[in-house]
1. Once you've got the Cα coordinates, tell me which of B:LYS126/B:LYS233; B:LYS74/B:LYS126; B:LYS103/B:LYS263; B:LYS63/B:LYS263; B:LYS103/B:LYS203; A:LYS24/B:LYS313 are over 26 Å apart.
2. Return the long-range amide H neighbours of B:ASP134 (sequence gap of 5 or more, or a different chain), with a cut-off of under 5 Å between placed amide H atoms.
3. For A:LYS124, list the lysines whose Cα falls under 21 Å from its own Cα; do not include residues on the same chain fewer than 8 positions away.
4. Report the dimensions of the range B:35-289 along its three principal axes from the alpha-carbon atoms, largest first, rounded to Å.
5. Under a plain spin-label model, where a point goes 7 Å from the Cα along Cα-to-Cβ, how far apart in nm are A:THR67 and A:LEU112?
6. Hey, quick one: spin label on B:ASN3, modelled 7 Å out along Cα-Cβ, who in the range B:14-34 has an amide N within reach, i.e. under 18 Å?
7. Which aspartates and glutamates have a Cα less than 14 Å from the Cα of A:LYS30, not counting those fewer than 8 places away in the same chain?
8. Which three extents, in angstrom, do the Cα atoms of the range A:1-64 have along their principal axes, listed largest first?
Amino acid sequence: MSILNDPNMIRSIIMDHYQYPRNKVDSEPKGYESIHMDSDSCVDDFYIYLKYDNTSNKIIDVKFMGTGCTISTASISIMSELLINKTKDEAFNIINNYKNMAMHEGSYDEELLEEANVFSNVYKQANRIKCATIGYNGIEELLKDK
Amino acid sequence: MFNVNDIKKDFPFIVKNPHIVYLDNAATTQKPRCVVDAISDLYENYNANPHSYDYSLAVLSEKAYEGARKKVAKFINANSNEIVFNSGDTAGLNFLASSLSKKLKEGDQILLSQAEHASNVLPWFKVKEEKQIDIGYIPLDDEGRIQLDAVEKAITPNTKIISLAQVTNVLGYKVDIKGICEIAHKHNIIVIVDGAQSIPHMKVDVKDLDCDFLVFSGHKLYGPTGIGVIYGKFDILDTLDPINMGGGMNGRFDMCGNYTLIKTPNRFESGTVNLEGAVGLGAAIDYLESIGMDNIEKYEKQLHDYAISKMEKIDGVKIYNKNSDTGIITFNFKDIFAQDLATHLASYNVCVRSGQHCAKILMDFLKADATVRASFGIYNTFEDVDKFVDALSKGDEYLDVYFK
């Protein structure tokens, strides 16, 4: 993966997902399960929406709504793209790898995380790990009873 | 006036961390050496439970505890029996809301303002739930200040309590508490003052203000965390019910449920007292009085005015309270999210706070999701302001922190 070596590339990916977030909605979509993720220590305040097919065990769609900083908004946007059309097991694999990276707590597969690699340095800002993982924690909560 | 370089030497944290520009004093303050020493002296030399009145050490520790009460009383021009120690401003407001609510009936009204901190809003919401009282808000003027005529207009025949911050924690404006008390008392309304942001930065005289209650926290006053103060006019304080029952506050009790209470203020301090906190707070007050509260207020205002003049020169800075009366500056930069900006400043070792500053209902007034707040203390220098403004001017590079 080369994007990690180019700060300008990382910057432009983060800013692109912050300014033009993918799968972000302004009102609650119909036919989705949802979870409210508001951080106790900062302003981040998001709803994560999941559409899941129990027969194929697949994530049909992920959407989100709310307000937050650059890191939280961009990370949820990238996450939504990573997880759509993944099976539950694939999704958990991505979530676990991502958390290992974001929290700097174990090895992870760079290729699996695609654009989410832009957050590989976020652990150096300990106060921002919560922002970078807020969406993943939400979707994990929604998926765990599937 | 004092020499800030001498002040800085008094603060071990500031001496040991010369690279840190600490501008989060409205959240908590660093502690002078004398506070640290006073606490060490207690633990090294005379630590005992003041309630264990069987040996001379306890006499010493009780003397220190009650001595701290006297210092607090003198500091705000109250009498010692009007000073209750507790764990902080939040506990003080919760106590007053719970205890005073027993005197309220359905339909009574409490007046607050939109600029209040969560700790002066949520305890009243709880009272509202339990007693079906109304909560009214004194409207702010265009700048965000509370004007006396707005107070007068907001009062209804049902208003029983007005509870306001003397200095608001986001906008930093001084509220004319003396004027408000004059109006309120004509209508027999009790006035509670949240002194969290005023006590550390200006001279406060409760007799001059004529407020009925005032609460504040020790840790914002360069003292330890976990200690706070409730001042109450004795004649009203003495009629309140203690909320926490237990040791150290009862005279005697029997198996039938009969009990007597000891005198005010100790009846409100059940359990083993926060001796360390009181001793540390007393030392902090001695320290501040040696500098002079008027000098502190003047100096912090100079820092504030200097910072505003420099910030106004940066394109894209939005200041929400440039005419603030105290050392609190609330701002944003371009359309950078407040939390991102605070992290950027942190990467330059400038400590500020982002968010809604526990004043969530104020954000509608400011028309902002969140803001950044810089707040000065006595050890801050003009050089600190320069470093802060320099880092702020580089705000556009805020994502760089993730590439280092």
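Just so it is clear, none of the values below were taken in a lab; they were calculated from the coordinates. No experiment lies behind these values; they were computed from the predicted model shown. Methodologically, a virtual Cβ is constructed for each residue, glycine included, from the backbone with ideal geometry; neighbour enumeration extends over all protein chains shown.
1. Working: B:LYS126/B:LYS233 24 Å; B:LYS74/B:LYS126 33 Å; B:LYS103/B:LYS263 21 Å; B:LYS63/B:LYS263 17 Å; B:LYS103/B:LYS203 32 Å; A:LYS24/B:LYS313 36 Å.
The answer is B:LYS74/B:LYS126; B:LYS103/B:LYS203; A:LYS24/B:LYS313.
2. Under 5 Å from the amide H of B:ASP134 lie the amide H atoms of B:GLY107, B:ASP108, B:GLN109, B:ILE110, each far enough along the sequence or on another chain.
3. In chain and number order, the partners are A:LYS99, B:LYS394, B:LYS404.
4. So the extents along the principal axes, rounded to whole Å, are 58, 49, 26.
5. According to this spin-label approximation, the distance is 3.6 nm.
6. What the label zone holds, given the 18 Å backbone N cut-off, is B:15.
7. The qualifying aspartates and glutamates are A:ASP61.
8. 41, 33, 20
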